[in-house]
Amino acid sequence: MQMNRQLCFVGCYAVDAVGHGGGVALLWKNEGGITIVNSCSNFIDFEVTHEQIGRWRYTGYYRIPDRSKRREAWSMIKNLAADSMLPWCIIGDFNDLMTEDEKKGEQCHPRALLNGFSETIMECNLIDLGFTGDKFTWERGRGTDKWILERLDRGLETAAWSGLFPHAEIKVYEVSTSDHMPFKCFRFENMWIQEKECRNIVQECWRDEDNSDIMRKMAKCSARLEEWGGGMIRDLKNKISNYLKDMQRLKSRRDTSGVRMYNEARWNYLRLLEKQEVFWRQRAK
């Protein structure tokens, strides 16, 4: 599996998807300290050994999508809880809600399902980690009368795990982005090709230096591109952040204007993410 190396992780353990759905993967950065205990198409359960903290346990969980199999899913969580007395944290897509306010839109979530999941969490002595960011982690039908928002993803912890990591929190993002945007000596950026101004600069430099040798033309061209494109690269991260803030501000609006502005912000956001992806793909070569 090449993905772990491309993302600078040293280890990887994966369970293949069944058909078109499911599949889970665990990637880690530090050598040693990871012991896979159990896995299936719905979870990877492992232990971590740390020199200073000691041993603890983590489970990456992926839902059973069929609502008719909710009891099977709850039993799976209970069995995982009974497998070990180590401090434990389980995070993932549970496809379940604990309270009515974790859903917005259309009909209410069945009370029997709310109670069943909540009782499972209590029986396993788990505590919701809470979150920062958007409350809802899944949506469908944006801008229509059937627009639904739900909190299907969460982190759960035992009191012992909370004692080891008292400041742990779940952060909910629209889409994760890089925090760094390095730019050093001149390098032609592939992302510039998407900009009309790039072609105009090259043509202008070649025309202005018509009687010069190729090296002089390239020197002028590179200086102009760096002056123009360097600013674009520096601004990319700020623009992505601003569009993300606009999306978060507009996400709950259901009026026509709000939906239109959200879609415009999202389109610009995704377009800039594509540029950023081109930038980092070039750096990875």
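Numbers for the structure displayed
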| quantity | calculated |
| --- | --- |
| Any hit, the range 119-140, residues being buried (at least 17 other Cβ atoms within 10 Å of the Cβ), out of contact with any Leu (no Cβ under 7 Å at 6 or more places or on another chain) and either aliphatic (A, V, I, L, M) or farther than 22 Å from K251 by Cβ (or both) | yes |
| Residue among A82, A73 that is outside the structural domain of K245 (by TED's automatic domain parsing) and buried (at least 16 other Cβ atoms within 10 Å of the Cβ) | A73 |
| Options W74, W56, W88; residue that is in contact with a Pro (Cβ under 9 Å, 6 or more places away or on another chain) and in contact (Cβ under 8 Å) with a residue 12 or more places away in the chain | W56 |
| So E51, is it touching a Cys at 6+ places or on another chain (Cβ under 8 Å) and either surrounded by fewer than 18 Cβ atoms within 10 Å (Cβ to Cβ) or modelled with pLDDT of 90 or more (or both) | no |
| The range 11-30: number of residues that are farther than 20 Å from F165 by Cβ and surrounded by fewer than 14 Cβ atoms within 10 Å (Cβ to Cβ) | 6 |
| Residues (in contact (Cβ under 8 Å) with a residue 60 or more places away in the chain and over 9 Å from G105 (Cα atoms)) located in the range 140-157 | R142, G143, L152, D153, R154, G155, L156, E157 |
| Selection from the range 167-204 of residues that are in a loop (DSSP other than H, G, I, E, B) and either of a type in the set (D, E, K, R) or modelled with pLDDT of 85 or more (or both) | E169, E174, D179, K184, R187, E189, E195 |
| Tally, over the range 83-106, of residues that are assigned to a loop (DSSP other than H, G, I, E, B) and not hydrophobic (A, V, I, L, M, F, W, C) | 8 |
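Rundown of residues vs (1) modelled with pLDDT under 90; (2) assigned to a loop (DSSP other than H, G, I, E, B); (3) closer than 26 Å to G163 by Cα, yes/no style:
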position	(1), (2), (3)
G32	yes, yes, yes
D45	no, no, yes
Y58	no, no, yes
A81	no, no, yes
C108	yes, yes, no
S118	no, no, yes
D145	yes, yes, no
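The values are calculated or read from the model by the stated rules, or taken from the named source; none is laboratory data. Predicted, not measured: the structure shown is a model, and the values here were computed from it. Glycine gets a Cβ as well: all are built from the backbone with ideal geometry, and neighbour counts include every protein chain shown.
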